[in-house]
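See structure below.
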Amino acid sequence: MTTRSDHSALRVSDVMGTDLHTIDGLATAAEAMASMKRLQISSLVVNRRHDDDELGLITVSDLAREVITHNRAPERVNVYEIMSKPALTVRSGMLARYAVRLLVRFGVSRALVIDDEGSPLGLVTLRDLVLGLSAA
């Protein structure tokens, strides 16, 4: 009989961050950068525009890739132009090992954590997941 290791039951909710900071899609890249700097974070959740809309995510990597490297003026670029939408989401009850596989498969460093109704609960990073699994 095979026994499961302790980390096999680790859930996304066990390692996710619950501080969610949001921004409107019509905000500028400069505003997103200022918020990230002030809050000392590297991503912002982009609000839904209406009930049938999906959540987006903007990261420091998006800003670097789409604004800085193309020498675009951050004051003239809107968040909606460079964000990821729909944001990759994982359920809070998902096993951490499956969340790692999902993030790696899609080549992203973070995912939005949602409840069973699709409401945002927090963010989880590949770092959170991997270190959580190693410490369990």
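The values are calculated or read from the model by the stated rules, or taken from the named source; none is laboratory data. Not measured: the values here are computed from a predicted model. Using ideal geometry, Cβ is built from the backbone for each residue, glycine included, and neighbour counts are taken over all protein chains shown. What goes into the accessible areas is simple: the full protein's heavy atoms, side chains included, and nothing from ligands, DNA or RNA. Shrake-Rupley method; radii C 1.70, N 1.55, O 1.52, S 1.80 Å.
Here are some notes:
- M33 accessible area, 1.4 Å probe, all protein chains in place, Å² to nearest 10: 70 Å²
- Projected onto their three principal axes, the Cα atoms of the chain cover extents of 61, 33, 26 Å, largest first.
- Environment charge at T18 (Cβ cut-off 13 Å; Lys +1, Arg +1, Asp -1, Glu -1): -4
- Average accessible surface area per residue within the chain, 1.4 Å rolling probe, Å²: 61 Å²
- Packing around the peptides 74-84, 48-58, taken as the average count of other Cβ atoms within 10 Å per residue, puts them in this order, highest first: 74-84, 48-58.
- Accessible surface of the chain, 1.4 Å probe, proportion on carbon and sulfur as whole %: 49 percent
- Viscosity 1.306 mPa s, 10 °C: Kirkwood-radius Stokes-Einstein D of the stretch 25-93 over Cα pairs, µm²/s: 128 µm²/s
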